[in-house]
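What follows is one structure encoded as structure tokens, with my remarks underneath.
The values are calculated or read from the model by the stated rules, or taken from the named source; none is laboratory data. Worth saying up front: this structure is predicted, and the values here are computed from it rather than measured. Ideal geometry is used to build each Cβ from the backbone, glycine not excepted, and the neighbour counts take in all protein chains shown.
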Amino acid sequence: MSRSLIATKPRVAEILEVELRKINPDEVLIRVDYASPKHGTEMTDFRGKSPWDKHRFDEKSRLFVPRESQESGIAFGSWNVGNMVVGHIINVGSDVKSYAVGERVATYGGISEYIIAKGVDNHRLRKMKETDIWQNAVCYDPMQYALSGIRDAHVRPGDEVVIFGLGAIGLLAVAIAKNIGAKVYAVDPLENRRNIALSYGADHALDPIGNDIGSIIKSSSHNQGADSAIETSGNPHALQQALRSLAYGGIVAYVAFPKEFTGGLDFGKESHFNNLSIVFSRASNEPNRDYPRWNRKRIEDTCWEMLMLNQVNCEKMITPVVSFEESAEAYMKYVDQEPELSVKLGIDFTGDQR
């Protein structure tokens, strides 16, 4: 048996015992040491407001269409919430040749004491040294979307870029943009997130509450505006300010996975007069916009190398870090009820008796 954090119904998470099946010949069994959820998309699902709830995405037409049955597309009662794990391999299948018992690895997985992962032809089962920073490893997924946004916004050395929303993806985008020599305006209503952005090198950290971000950026750039913007918050007012911030012909990389907009947007203003573009940016879509030179695996490999070289340090972002025993209450609080108190929640299993 294994204990896992399960979404039993919308906005309720519980630690439950689940049966741990026997691994297949091409699989490995991992004892989890650290884990972390994905706050944005996962929160939408956890609240029961996902487009996957009553619809499915039809690959042939590339449209969301109604589900044939009335059952929810979110498997409440069995959904093991969580996104990334770091742990040690404790068993390998007979066909696994590239991994060994005792090796430290990171991969996708829910918040659970043990997880099973494919151990053959799986580049997402990433090996780690014992000295590698676990907080960096659990940012492997959000960093892919940050890098995709940077690339889709065409951010280059010397550019000015405005990044709206300083959750994990936004903060990682700040760090990447500074690493390549851009001037960065970081925008978020939460002071603690703005402070992290400044520690990552942001040139300006701006509070959108009560401030006209577009006007501020135009004034600081001699009325030219920023070359590009990256919007990660999903707030319609943030998108409107992103459009106001841009120079003529600028581009917004829209990374957020938002809910339906009900107000706050007016495309008849700056968007229309300044020939602006909005590019919807999603790292996991194939083919990549730069196919065949780039695909998701190349994005993933690039992110993993940067994280393991500590070119981006994520320790400040993973807070609070709680024990697995506290994970249900912490998940409901920091992911759902009071997300402003956390950028990315960390779960530490190492103090548990197993």
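Tabulated results
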{"item": "Residue 163 being modelled with pLDDT of 95 or more, farther than 19 Å from residue 303 by Cβ and in a strand (DSSP E or B)", "result": "no"}
{"item": "Single residue of 312, 335, 321 found to be in a loop (DSSP other than H, G, I, E, B), in contact (Cβ under 8 Å) with a residue 12 or more places away in the chain and hydrophobic (A, V, I, L, M, F, W, C)", "result": "312"}
{"item": "1 or more residues of a type in the set (Val, Ile, Thr) and either free of Cβ contacts under 8 Å to residues at least 12 places away in the same chain or touching a Phe, Trp or Tyr at 6+ places or on another chain (Cβ under 8 Å) (or both): qualifying strands (runs of 3 or more DSSP E) within the range 1-95", "result": "2-9, 12-18, 27-36, 63-66, 84-92"}
{"item": "Residue check, residue 119 farther than 29 Å from residue 222 by Cβ, buried (at least 24 other Cβ atoms within 10 Å of the Cβ) and modelled with pLDDT of 95 or more", "result": "yes"}
{"item": "Scope the range 188-241; condition small (Gly, Ala, Ser), under 22 Å from the mean Cα position of the chain (by Cα) and closer than 19 Å to residue 157 by Cα; matching residues", "result": "197, 201, 202, 228, 229"}
{"item": "Selected residue (only one of 268, 249, 264 is at pLDDT 95 or above, more than 23 Å from the chain's Cα centre (by Cα) and not assigned by TED's automatic domain parsing to the domain that holds residue 113)", "result": "249"}
